[in-house]
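Working notes, structure below.
The values are calculated or read from the model by the stated rules, or taken from the named source; none is laboratory data. Being a predicted model, the structure only gives us computed values, none of them experimental. Cβ coordinates were reconstructed from backbone atoms using ideal geometry, including for glycine residues, and neighbour counts include every protein chain displayed.
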């Protein structure tokens, strides 16, 4: 009788131990799975992106004027992520376009918005060093950069270009860059601006 009692107690403790071990592995696997989902979601939020596509309006200097090209990119949720996408598409230029004055190999080094509403874009020195053009092409390059950002990013009042974290006087010696672009571009006479920067809409989906 006593041996039967101990045997049943032993069986009970063995079943209890097996149940505890099974529950531990089940819940630990479930928690780990939930953690990976949370990390993946947080990763998407950190870069401000979702799975949808949306259209950017990018103004490229081509053939002596600005041409608006629509670009399809992955949707961004933050304004800085949108601005980064705009600059990235602008610096890519247009496929097969030989007359674009966008300096090759330029990289975006930094991007931030000041309390004054000005968006500061820090570009690599290739933007200055690889620029090849006259006064009109320099004006169109800066105008396209400015219009592309203001057309797609809300709540920015102006754009200031920095090169390697510093202010520069000019890209090619024609347009003074020590001030934000709105003031610089508006200082060009209307007749000259309309002649140099005629905007042509060119709907291209890529």
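Worth a mention:
- Per the listing 70, 147, the residue uniquely crowded, with 16+ Cβ neighbours inside 10 Å, within 16 Å of residue 58 (Cβ to Cβ) and under 18 Å from the mean Cα position of the chain (by Cα) is 147.
- Elements of type strands (runs of 3 or more DSSP E) contained in segment 59-123, each with 3 or more residues being closer than 21 Å to residue 160 by Cβ and at pLDDT 95 or above: 108-113, 118-123
- All of (1) more than 17 Å from the chain's Cα centre (by Cα); (2) over 14 Å from residue 62 (Cβ atoms); (3) outside any loop (DSSP other than H, G, I, E, B) hold for residue 141 with one exception: (2).
- Evaluating residue 83 against the criteria (1) surrounded by 21 or more Cβ atoms within 10 Å (Cβ to Cβ); (2) more than 22 Å from residue 158 (Cα to Cα); (3) touching a residue at least 60 places away in the same chain (Cβ under 8 Å) leaves one unmet condition, (2).
- Residues being under 9 Å from the mean Cα position of the chain (by Cα) and closer than 20 Å to residue 133 by Cβ are entirely absent from segment 76-84.
- Selection within segment 104-113: residues that are without any contact (Cβ under 8 Å) to a residue 40 or more places away in the chain and on the phi < 0 side of the Ramachandran plot. The member of this set that is surrounded by the most Cβ atoms within 10 Å (Cβ to Cβ) is 106.
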